[in-house]
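The values are calculated or read from the model by the stated rules, or taken from the named source; none is laboratory data. Here the structure is a predicted model, which means the values were calculated and not measured. Ideal geometry is used to build each Cβ from the backbone, glycine not excepted, and the neighbour counts take in all protein chains shown. Remember, those area values only see protein heavy atoms, side chains included, never the ligands or the DNA or RNA. Shrake-Rupley method; radii C 1.70, N 1.55, O 1.52, S 1.80 Å.
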Amino acid sequence: MFTGIVAAVGKIESVKPLEGGSFAGVRLDINAGGLPLADVALGDSIAINGACMTVVEKDATNFRVDVSRESLNKTVGLDTLTEVNLEKALTLNERLGGHLVSGHVDGLGVVRKFEPVGESWELVVESPHELAKFLAYKGSIVVNGVSLTVNRITDIGTGTDLVCQFSINLIPHTIAVTTLKHLKVGSKVNLEIDLIARYVERMVSVGAASK
């Protein structure tokens, strides 16, 4: 589990295909930046842009993870030489500064607006149809591994054509310490819905089906 509070910005320094042809994944070599690795063991989990990955190798400054083809197909930003948001797995003696995050990406959103508003920035993201029902005013959402609060919801269309655009206010600190500063209109982002919303939806749907 994670909190969605980014601990450091690292950088993917190499992307090497794994054996297995076009169906194989890749091995990433990531410079951890300011993320301490002394307490990281092989097999530990680190969230990379919101996607939970397992450390398979490490040294004093870098760690390496294997990313499956399935993970590559369901996420963005894990197959290029770019900066990434990093967070080590949550321990029971840490503050839960964001919200409970599983590190499992639920879908890809698209940035529709990213503009300064006063000292902050407004980020508007369009979510896929299947995630719209999980988004709520003042609810939590994870964007590229960052725990954020939804300020406004706009539903566009109806039925299977429904899409949801949600607005987030990014304070200067969040801009400074994450990779969200690099977003622009049209950028794709990894989204993870709130864990509680996921269970509520399941309970409601099963309850309705049993009546």
Whole-Hz ³J(HN,Hα) for each residue in segment 39-46, computed from phi via Karplus 6.51 cos²θ - 1.76 cosθ + 1.60 with θ = phi - 60°, x for glycine and proline: what do you get?
9, 8, 10, 4, x, 5, 9, 9
Which links in Lys16/Lys113; Lys74/Lys133; Lys88/Lys133 stretch past 22 Å when you go from one Cα to the other?
Lys16/Lys113; Lys88/Lys133
Please list the non-local residues whose amide H lies under 5 Å from the amide H of Val84, H modeled 1.01 Å from N, same-chain partners needing a gap of 5 or more.
Gly10, Lys11, Ile12
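Could you order Lys74, Lys58 so the one with the most accessible surface comes first? Probe is 1.4 Å.
The most accessible residue leads, giving Lys74, Lys58.
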Can you order the peptides 151-161, 124-134, 171-181 by their average number of other Cβ atoms within 10 Å per residue, highest first?
124-134, 171-181, 151-161
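Normalised by the number of residues in the chain, what is the relative contact order in percent for Cα pairs under 8 Å and 6+ residues apart?
Computed value for the chain: 23 percent relative contact order.
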Report, in degrees rounded to the nearest 10, the 0 to 90 angle that the Cα long axis of helix 195-209 makes with the longest principal axis of the chain.
50 degrees
Can you list the HN-Hα couplings for segment 143-156, worked out from phi with the Karplus curve (6.51, -1.76, 1.60; θ = phi - 60°), rounded to whole Hz and with x for Gly and Pro?
10, 6, x, 10, 6, 9, 10, 6, 9, 7, 10, 10, 8, 10
Relative frequency of Cα-Cα separations exceeding 14 Å in segment 8-88, percent
57 percent
Solvent accessible area, Å² - Met1, 1.4 Å probe, full protein context
100 Å²
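Ignoring ligands, DNA and RNA, what percent of the 1.4 Å accessible area of segment 106-156 is carbon and sulfur?
Numbers: 1190 of 2390 Å².
About 50 percent, which is the carbon plus sulfur part of the accessible surface.
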Carbon + sulfur, % of accessible area of segment 8-88 - ligands and nucleic acids excluded, 1.4 Å:
52 percent
Kindly report the accessible area of the chain per residue (heavy atoms of protein chains, probe 1.4 Å, no ligands, DNA or RNA), in Å².
52 Å²
Between Gly107 and residues 5 or more places away or on another chain, the pairs with built amide H atoms under 5 Å apart involve Leu191
Enumerate the calculated ³J(HN,Hα) couplings along segment 179-184 in order (Karplus 6.51 cos²θ - 1.76 cosθ + 1.60, θ = phi - 60°), each rounded to whole Hz, writing x wherever the residue is Gly or Pro.
8, 4, 4, 8, 5, 8
tail above 33 Å in the computed P(r) of the chain, as % of all Cα-Cα pairs, reads 17 percent
In nm, give the distance between the simple-model label positions of His182 and Phe23, each being 7 Å from the Cα along the Cα-to-Cβ direction.
3.2 nm
Give the accessible area for Lys88 in Å² (nearest 10); use a 1.4 Å probe, count only protein heavy atoms, and leave out ligands, DNA and RNA.
50 Å²
If you find the alpha carbon centre of segment 71-98 and of segment 115-166, how far apart are they in angstrom?
20 Å
